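These notes are about the structure you will find just below.
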Amino acid sequence: MKIALLFIYSDSEVYKQMRDIQRTYIHKFENAHSYFIEMREQVQKITLENDIIYVRGEETILNILNKTLTAIELLLHNNNKYDFFIRTNVSTIINIPKLLYYLSNIYPKTNIYTGAGKVFEINKLDVKGGIVDSSLFGTKIICGTNIIFSADVAHFMIANKHKFREDIIDDVSMSLFIQNNLPSAFKKPNTDLCDILYIGINTIANIKPGRDKYIFYRNHNLNRNDDIKLMTYICNVIYANKIGANKIGANKIGANNIGANTNTNTNINTNINTNKINNNRFLLYNSPISKKFTTTIAY
């Protein structure tokens, strides 16, 4: 089995640091190819340079759908024969071995559009995300941090991409498209085996690789610099990496001993400025990529 991980990404100093953290582990798995998706001004509609897919255009919230579909189309065009696509963002750490095991043993390989954690329902307005009235209230969506879909669904999406609503945010548009055009593929996530942990000071002690149900670890606190520290810590716990010039150990963020193995979070607040998780879904995220080559496709 082979999977493609698509990380939504845009060019900023904070996101670059997040991308560097992601690169410490995402390219170590033969059956998982990882790509960052970024928009920029360029002549070609899409280019692949090392592990970044560049899509022509401006980075906006509503353009995340465009760059997602364009990246999927490129990978299908290159005939990489992925079994599953996973659309996520640059600040979400993924336990790739656990994800590979889950997709190999739990779901069939066709007619799947699902995710991790619970299915959300739209129940409030968000003008920036295109939710400008109550007409979409009650719509069920797979959150954009952890969308999982099989290759046949990816082909169906690209063959019918003209049917996507471009006036609403990507994960809402994608879930709405599937429910309207391929409803049998829309599957409720199995949260007992594949869940997402929203990382904050009060949840970080729940990271227990091999003993928990989490595959995705979402970092979106009010201070994004705190997310960088938390992402580093999570990578160290899951992958035993040493990231950054400070050589942060598996049980430490900076000078603070969290005690990952004893499940305490003592003294962490001296180095993390907020203990609140930002649950505003409609903010611009980031992405990753693998394969060391450059190619250009002009459509």
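Any chance you could count the Lys pairs in region 1-112 whose alpha carbons are under 17 Å apart, treating pairs 8 or more apart or on different chains as valid?
Counting lysine pairs in region 1-112 gives 8.
Could you list which residues have their amide H under 5 Å from that of Lys2, counting only those 5 or more apart in sequence or on another chain, with H placed in the peptide plane?
Amide H neighbours of Lys2, under 5 Å, 5+ apart: Asp83, Phe84.
Using 0.36 nm per residue of separation minus the Cα-Cα distance, give me the extension gain between Ile158 and Asn206 in nm, one decimal.
13.5 nm
For Val132 and Leu222, what is the calculated FRET efficiency with R₀ set at 25 Å and r taken between the beta-carbons, to the nearest 0.05?
0.50
Ranking Lys229, Lys67, Lys208 by Cβ neighbours within 10 Å, fewest first, what do you get?
By the 10 Å Cβ count, ascending, the order reads Lys208, Lys229, Lys67.
Along the charge dipole of region 25-87, pointing to its positive end and built from +1/-1 on Cβ of Lys, Arg, Asp and Glu, which listed residue (Tyr54, Asn79, Phe36) has its Cα farthest out?
So the residue we want is Asn79.
Please report, in debye to the nearest 20, how large the charge dipole of region 1-158 is about its Cα centre when each Lys and Arg carries +1 at its beta carbon and each Asp and Glu carries -1 there. Kindly include the intermediate steps, with their values, before the conclusion.
Numbers: 17 positive and 16 negative charges, 83 e Å.
Taking the Cα centre of region 1-158 as origin, the dipole is about 400 debye.
Would you list Val127, Val119 from fewest to most Cβ contacts within 10 Å?
Least crowded to most crowded, the residues run Val127, Val119.
When ranked by the protection proxy of mean other Cβ atoms within 10 Å per residue, highest first, what sequence do the peptides 97-103, 17-23 form?
In descending order of packing, they fall as 17-23, 97-103.
First measure r as the distance between the Cβ atoms of Thr139 and Ala240, then evaluate 1/(1 + (r/R0)^6) with R0 = 35 Å and state the FRET efficiency to the nearest 0.05.
0.30
Write down the Kirkwood hydrodynamic radius of region 87-191, to one decimal in angstroms, obtained as one divided by the mean of 1/r over all alpha carbon pairs.
14.5
Show me the GluC sites (Glu not before Pro) within region 1-70 that DSSP assigns to loop and that have at most 11 other Cβ atoms within 10 Å of their Cβ.
Glu30, Glu41, Glu58
Between Asn80 and Arg56, what length in nm is gained on full extension when 0.36 nm per residue of separation is reduced by their alpha carbon distance?
6.4 nm
What percent does the relative contact order of region 1-120 come to when contacts are Cα pairs within less than 8 Å and at least six residues apart? Please list the in-between numbers first.
Working: 150 pairs, mean separation 39.6, N = 120.
Relative contact order, region 1-120: 33 percent.
Computed from the coordinates by the stated procedures, all read-outs in this text should not be read as laboratory data. Here the structure is a predicted model, which means the values were calculated and not measured. Here the Cβ is made from the backbone with ideal geometry for all residues, glycine too, and neighbour counts use every protein chain on show.
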